[in-house]
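In what follows, a single structure is set out as structure tokens and then discussed.
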Amino acid sequence: MKRKIYNKLCEWKFSKSRKPLIVQGARQVGKSWILKEFGKNEYDHVAYISCDNRPLAEALFADYDMDRILRSIEAVAKVPVLPAKTLIILDEIQEIPAGLTALKYFCEQKPDYHVAIAGSLLGITLHQGTSFPVGKVDFMEMYPMDFEEFLWAVGENAIASIIASADISVVGTLHDRCIELLRQYYFVGGMPEAVAAYSSGTGVLEVRKIQKAIVEAYRNDISKHAPAREIERIQLVMQSLPAQLAKENKKFVYTAIRKGARASGFEIAIQWLVDAGIVTRVNRVSSAKIPLAFYEDFNAFKLYLLDCGLLGAMVDAEPSDIFLGTKVFEEYKGMLTESFVLQQLVCDVTDRVYYFTSDSSRIEVDFIIALKSEPYAIEVKAEDNLKGKSLKLFVEDQNLSRGLRFSMRPYRTQDRLTNYPLYTAFALPTWLNLSFETK
């Protein structure tokens, strides 16, 4: 399957300032697969080492004699390990802290060797005080497949290109088909295994089975890797996500976890899920002024599961309700739609996403982002109802140049508000330029 991160990997390979690369991301978003695919296509050899094999990995990094380590990698992988011609892949590196430390010596002593590292729980490992080679590594974040990658996978390359180009006249003629494909993505989501099954013609029940297995794998990770005293709390936070997002006001409420729950008892649990890449935390801002981080409120936030398909699986959403948009779908369409938009923003636009609500709750804006030092307020509508005054009032109150709304309606501008079809979210920067050109 085609993944956008592939081009970034190629840029890393030819970078004059290249350092050992760490690819971070939640379990099963495709980190190991893309590194192997990249190595197979772009190098003469791939030396793959899984650090899940603890005795072997611990012996490999018993010391930091880099010549010995390279000889050992060559012996274990059974391929030549050559500068610039071999991609060394160290998978699940978080299992061996000494392996992370070794990256410093790869950078300093063996810079001509190309080393890429993958790990599902690296964020957690780094927050546990593991000795880390600061300034000696490059980072890339990997997410589930976005809507454009999904279109590529299901053979809709032409539609993906048209949406990405922001060609209004052509997109308008394909609106109904784009909505149909969007609903498919709502169900399937972007986890590569689920997308691969769906694109190969596997039935929706099998796709749902795959999604539930991934959710269960995350729960198993919690039981296996989380601190013992935090396991129950982490499980409770994850279990509460659908109910939290189903509320009209999606601000995270501790008492929705269990009666009497307080922030102090669940801060570590929430951070664990964030560090594992399982959830995305969106903090409130008190103003849409630049820089947004100056106005961040860490006490008010929303939590989203990393993938809308997995969210649907967690609530057992009926496939037919999602595909057809039935009345039953209205029970959870808001949370799926908002999760979808956030997923595209994080994958393609910015990982610094906030939201706004006034102290009186008179004005609520789903997301606030900044692009090129310009703040934008984003409202998400699950269907084609464009009524609602919050966005308009907020744009006027904050004196923003434009408010953005995503809905099932075709593209249109009205005063200082612009409506974008939901399926264009991954290409927002291109469509945003169009908005100003036609302003």
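The values are calculated or read from the model by the stated rules, or taken from the named source; none is laboratory data. Everything numeric in this text was worked out from a predicted model, so none of it was measured. Using ideal geometry, Cβ is built from the backbone for each residue, glycine included, and neighbour counts are taken over all protein chains shown.
Pairs are defined by a Cβ separation below 6 Å, a sequence spacing of at least 6 or placement on different chains, a first member in region 345-363 that is without any contact (Cβ under 8 Å) to a residue 40 or more places away in the chain, and a second member that is surrounded by 11 or more Cβ atoms within 10 Å (Cβ to Cβ); the pairs so defined are 350/369; 363/390; 363/393; 363/394. Tell me yes or no: at least one residue of region 123-138 is of a type outside the set (Val, Ile, Thr), part of a loop (DSSP other than H, G, I, E, B) and modelled with pLDDT of 95 or more. No, region 123-138 contains no residue that is of a type outside the set (Val, Ile, Thr), part of a loop (DSSP other than H, G, I, E, B) and modelled with pLDDT of 95 or more. Residues in region 23-47 that are buried (at least 18 other Cβ atoms within 10 Å of the Cβ) and over 18 Å from residue 76 (Cβ atoms): 23, 24, 25, 26, 27, 28, 29, 30, 31, 34, 38.
Taking residue 316, is it in a loop (DSSP other than H, G, I, E, B), at positive phi and not hydrophobic (A, V, I, L, M, F, W, C)? Spelling it out, residue 316 is indeed in a loop (DSSP other than H, G, I, E, B), at positive phi and not hydrophobic (A, V, I, L, M, F, W, C). Identify, from the list 293, 276, the residue that is within 30 Å of residue 316 (Cβ to Cβ) and either among the hydrophobic types (A, V, I, L, M, F, W, C) or buried (at least 17 other Cβ atoms within 10 Å of the Cβ) (or both). Of 293, 276, the one residue that is within 30 Å of residue 316 (Cβ to Cβ) and either among the hydrophobic types (A, V, I, L, M, F, W, C) or buried (at least 17 other Cβ atoms within 10 Å of the Cβ) (or both) is 276. On the stretch given as region 239-255, residues that are under 16 Å from residue 269 (Cα atoms), within 23 Å of the chain's Cα centre (by Cα) and outside any loop (DSSP other than H, G, I, E, B) total 4. Among helices (runs of 4 or more DSSP H) entirely within region 17-85, having at least 2 residues that are under 26 Å from residue 190 (Cβ atoms) singles out 31-42.
Consider region 48-70 and keep the residues that are free of Cβ contacts under 8 Å to residues at least 40 places away in the same chain and under 17 Å from residue 89 (Cβ atoms). The one that is surrounded by the fewest Cβ atoms within 10 Å (Cβ to Cβ) is 56.
Pick from region 395-426 the residues that are outside any strand (DSSP E or B) and charged (D, E, K, R): which of them is modelled with the lowest pLDDT? That would be 415. Within region 261-295, restricting attention to residues that are touching a residue at least 60 places away in the same chain (Cβ under 8 Å) and of a type in the set (D, E, K, R), the residue that is nearest to residue 306 (Cα to Cα) is 275.
On inspection, residue 13 does not qualify as modelled with pLDDT under 95 and either in contact with a His (Cβ under 9 Å, 6 or more places away or on another chain) or assigned to a helix (DSSP H, G or I) (or both).
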